[in-house]
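For reference, the structure discussed in these notes is given below.
The values are calculated or read from the model by the stated rules, or taken from the named source; none is laboratory data. Given the structure is predicted, the values throughout are model-derived calculations rather than measurements. Cβ placement follows ideal geometry from the backbone for every residue including glycine, while neighbour counts extend to all protein chains displayed. Protein only, heavy atoms only, side chains kept; ligands, DNA and RNA dropped before computing areas. Shrake-Rupley method; radii C 1.70, N 1.55, O 1.52, S 1.80 Å.
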Amino acid sequence: MSQAPGIPFPDWLAQGRDALPKGERTRRDLMIAGAELLASQPLEALTVAATCARTGVAHGTFYIHFPNRNALAGAVLQAFVDYLQDLMRAAARGAPDPVRATTAAYMHLFAENAGLMRCLLTGGDALPAAQAAFQRLNHDWAATVAAAARRRHGSVARPEPDLMRRALALGGMVDQYLTALHVTGDPQIIALSQDPDTLLDLFTDLWTKGMAP
């Protein structure tokens, strides 16, 4: 399976940092620190103290930019959704099989960012911003998939509501499988997923057949 193009999420966040005014640089640094912490620990363990220690700023400076740690986590996860969409679209551009290329990119990004995906998927009531970010990812990507199906199949494409239902359902299936593989560590799923190319074939087949007329 080919690797997704692009850079790690903290490096993606750091792009353009040096050209920002000082206050915006500090905010960006706090987000980068939050991203690094959320990548390696659960949301509950993210603290203002840990973020400030990693960034080298005072607590008072943190509160200039974020009212609390949940606001920081929400900003990080909203940016993480932008990162996922950015890299998936980049993978699709010019690819001979955009469905396969995008699916490969998402599989790679999910595996490489399992900690952030865990926060995005399980934030729930504890972090409404995480739930909103995940819903935005689902709906934006479903709309992209539906538009691609309309272009591919033209007049024989399914009606728009059906395309959206299918895209959302298929995305949910893929997320559930990858969550069991990379987040909750289901041993049966892990045993069935030793060959990444076979798994990529499966997901590509699901997307292709599921969105067909």
Q) If packing is taken as the mean number of other Cβ atoms within 10 Å per residue, what is the order of 129-135, 114-120, highest first? A) 114-120, 129-135
Q) R0 = 30 Å: FRET efficiency of LYS209 with GLU44, Cβ-based, nearest 0.05? A) 0.15
**Q.** ARG89 paired with ARG17, simple spin-label distance in nm, labels 7 Å along Cα-to-beta-carbon
**A.** 2.4
Q | Prolate/oblate/rounded label for the range 49-131 (Cα gyration tensor, a/c 1.5) | A | prolate
Q: With only Lys, Arg, Asp and Glu charged, each at its Cβ (+1 for the first two, -1 for the last two), find how big the charge dipole of the chain is about the Cα centre; round to the nearest 20 debye.
A: 600
**Q.** Cα gyration tensor shape for the range 1-75, rounded if a/c is under 1.5, else prolate or oblate
**A.** oblate
(Q) Tell me the carbon and sulfur percent of the accessible area for the chain, rounded to whole percent, probe radius 1.4 Å. (A) 56
Q. Roughly speaking, what is the stretch gain from GLU24 to LEU202, that is 0.36 nm per residue apart minus the C-alpha to C-alpha distance, in nm to one decimal?
A. 59.7 nm
Q. Over the range 111-213, what relative contact order in percent results from Cα pairs under 8 Å that are six or more residues apart?
A. 28
Q: Would you mind pulling out the separation of the Cα centroids of the range 174-204 and the range 99-166, in Å?
A: 17
Q. Per residue, how much space in cubic angstrom lies within the convex hull of the C-alpha atoms of the range 35-180?
A. 121
(Q) Students often check this: by mean Cβ neighbours within 10 Å, which of 79-92, 175-188 ranks highest, and how do the rest follow? (A) 79-92, 175-188
Q: Report, in order of residue number, the helices in the chain meeting two criteria: a C-alpha extent of 15 Å or more along the helix axis, and a mean Kyte-Doolittle hydropathy of at least 1.6; treat each whole DSSP H run as one helix.
A: none
Q) Applying the Karplus parametrisation 6.51 cos²θ - 1.76 cosθ + 1.60 with θ = phi - 60° to the phi angles of the range 188-193, what ³J(HN,Hα) value in whole Hz is obtained for each residue in order, glycine and proline being reported as x? A) 5, 5, 4, 5, 7, 10
Q. How high is the relative contact order of the chain, in percent, with contacts defined as C-alpha pairs under 8 Å that are six or more residues apart?
A. 21
Q. How much length is gained if the chain between HIS153 and ALA71 is pulled fully straight, taking 0.36 nm per residue apart and subtracting their Cα-Cα distance, in nm to one decimal?
A. 25.3 nm
